[in-house]
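Take a look at the structure below.
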Amino acid sequence: MTTTSPTISELIAQERRLTLPHFSYDDAFALGSLLVAMARERHAPVAIDIRRGAQQLFHAALPGSSADNDAWIDRKRKVVERYGESSYLVGTRFRSKGTTFEESSRLDPDTYAAHGGSFPIAVEGAGVIGTVTVSGLPQAEDHAMVVEALEQFTATLGTG
């Protein structure tokens with residue numbers, strides 16, 4: 001999978017476009033299952049995590065992933081929870097200023113990672129209520145996989 005680095009404006013537009021009308025336990029399972037199917041088709045060695053608040057609603061680890069991917073998931077997810085934006089957008093904002101998240105955020109890099117792959121689950125009228133995170137590919141690809149899955153998932157919501 002080849003991806004180009006999206007701009008800050010493009011990343012913001014993705015988040016706005018992918019705001020959901022609702023997000024239930026069944027939605028978490030459907031989105032997680034979609035991500036697993038995509039990862040299997042691509043033989044992607046990823047771990048997948050979906051949360052609403054502090055509750056983990058879905059988790060899967062595919063062949064080739066490891067406990068390190070779970071640690072990356074936790075660190076990326078904490079960036080989304082703190083900033084309310086995708087981990088890739090947060091990291092891109094720092095890089096656009098000529099610095100890095102690790103150098104300038106004043107947050108512990110063992111706890112927070114502004115690397116692509118964690119995306120806010122935002123619900124209309126409620127704001128950010130959770131996260132969907134992928135870890136195991138280069139950061140741009142982790143991010144792109146989550147965005148692609150959310151695009152496919154949101155397309156199904158209008159037909160239910």
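Looking only at residues in the range 126-137 that are of a type outside the set (Gly, Ala, Ser) and within 13 Å of Arg42 (Cβ to Cβ), the one that is surrounded by the most Cβ atoms within 10 Å (Cβ to Cβ) is Val134. Checking the structure you have, find out if any residue of the range 99-112 is aliphatic (A, V, I, L, M) and under 16 Å from the mean Cα position of the chain (by Cα). Within the range 99-112 (the criterion being aliphatic (A, V, I, L, M) and under 16 Å from the mean Cα position of the chain (by Cα)), the answer is no, since none of the residues qualifies.
Residues of the range 49-65 include none that is surrounded by fewer than 21 Cβ atoms within 10 Å (Cβ to Cβ), over 23 Å from Phe29 (Cβ atoms), small (Gly, Ala, Ser) and without any contact (Cβ under 8 Å) to a residue 40 or more places away in the chain.
The set of residues in the range 138-160 that are of a type in the set (Val, Ile, Thr) and surrounded by 24 or more Cβ atoms within 10 Å (Cβ to Cβ) contains only Val146.
Throughout, read-outs are computed from the coordinates displayed, never taken from laboratory work. All figures in this text were calculated on a predicted structure; none of them were measured in a lab. Because the Cβ atoms are built from the backbone with ideal geometry, glycine has one as well, and the counts that use them run over all protein chains shown.
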